[in-house]
Amino acid sequence: MKRLHTERLELHPFTADDADFVLRLLNEPSFLHYIGDRGVHDLESARRYIEEGPVASYALRGHGLMKVVRKADREPLGMCGLLKRDTLPDADIGFSFFPAYWSQGYAIESARAVMRHARDALGIGRILAITTKDNESSMRLLARLGFRFDRMIAMGAEELRLYVSDP
Ligand SMILES: CC(C)(COP(=O)(O)OP(=O)(O)OC[C@H]1O[C@@H](n2cnc3c(N)ncnc32)[C@H](O)[C@@H]1OP(=O)(O)O)[C@@H](O)C(=O)NCCC(=O)NCCS
């Protein structure tokens, strides 16, 4: 899995060394509210999440969630990448940033790099996205990225909005 570059950002594949960062990000109140509790509550479960989630996905599919780092000061800001869930027919894009880095265009810049790489390097056509009904900033971001609302879907006990971006 190679790094992706944008004007202000680098997207790095996660490694076990990112356990502390993942532990903090996945326990941000906004992450817990809009995405959910991934059961990552200590460094050991963070390492397991990295191994069984992103790292396994890189090996299997050549894509997965990546760490977003600001080039100017090497600050890790959040994560962005594709996920492939058994419950959806195509890969969906995921993003999550620490609140201190919201509203500066970092999410859109990293998502564009992920989508470009998916299409140009991996030959992925349709990309999906899912959000909760109350996630206004995610919906705004998806609209800016060219996604269209498709329909509501049930995932577990939740009703989610399904978005589609065609090639
Ligand atoms: C969803 C999430 C990633 C969106 O982040 P965001 O900060 O709104 O998105 P961006 O970084 O692209 O910033 C966009 C905003 O920055 C502004 N902006 C400032 N400088 C900019 C620049 N150089 N380029 C582009 N936009 C810029 C845009 O105008 C836009 O403003 P608006 O939201 O008022 O319309 C963020 O809210 C988050 O991490 N939430 C918690 C996790 C989550 O919900 N994930 C999604 C699950 S579906």
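With all protein chains present, how much of the accessible area of the chain (probe radius 1.4 Å) comes from carbon and sulfur, to the nearest whole percent? Kindly include the intermediate steps, with their values, before the conclusion.
Numbers: 4220 of 8600 Å².
Heavy-atom surface of the chain belonging to carbon and sulfur, 1.4 Å probe: 49 percent.
Would you mind calculating the gained length between N27 and W102 on full extension (0.36 nm times residue separation, minus the Cα-Cα distance), in nm to one decimal?
On the way: separation 75, 0.36 × 75 = 27.00 nm, distance 1.65 nm.
Result: 25.3 nm gained on full extension.
Could you run the Karplus curve 6.51 cos²θ - 1.76 cosθ + 1.60 with θ = phi - 60° over the range 52-65 and give me ³J(HN,Hα) per residue in whole Hz, x for Gly and Pro?
7, x, x, 5, 5, 5, 4, 5, 7, 10, x, 8, x, 4
Once you order the gyration tensor axes a ≥ b ≥ c over the Cα atoms, which shape class does the chain get: rounded for a/c under 1.5, otherwise prolate or oblate by comparing a/b with b/c? Numbers along the way, then the final one.
Numbers: a/c = 1.28, a/b = 1.14, b/c = 1.12.
The shape class here is rounded.
Along the Cα→Cβ direction, 7 angstrom out, place labels at H5 and D120. What is the inter-label distance in nm?
Label-label distance for H5 and D120, simple model: 1.2 nm.
Counting Lys and Arg as +1 and Asp and Glu as -1, what is the net charge of the other residues whose Cβ lies under 13 Å from the Cβ of R112?
That sum, taken over residues with Cβ under 13 Å, equals +1.
Quick one: Karplus J couplings for the range 24-39, per residue in order, coefficients 6.51, -1.76, 1.60, θ = phi - 60°, nearest Hz, x for Gly and Pro?
5, 5, 6, 10, 4, x, 5, 5, 4, 6, 8, 10, x, 8, 8, x
At 0.36 nm per residue, minus the direct Cα-Cα distance, what do E158 and K84 gain on full extension? Give it in nm, one decimal, please.
Details: separation 74, 0.36 × 74 = 26.64 nm, distance 1.84 nm.
Between E158 and K84, full extension yields 24.8 nm more.
Given the peptides 136-146, 62-72, 18-28, arrange them by the average over their residues of other C-beta atoms within 10 Å, most packed first.
Working: 136-146: 15.6, 62-72: 20.1, 18-28: 18.2.
With the highest mean Cβ count within 10 Å placed first, the list reads 62-72, 18-28, 136-146.
The values are calculated or read from the model by the stated rules, or taken from the named source; none is laboratory data. Nothing here was measured: the structure is a model prediction, and the numbers come from that model. Reconstructed Cβ throughout: ideal geometry from the backbone, glycine too, with neighbour counts over all protein chains shown. Protein only, heavy atoms only, side chains kept; ligands, DNA and RNA dropped before computing areas. Shrake-Rupley method; radii C 1.70, N 1.55, O 1.52, S 1.80 Å.
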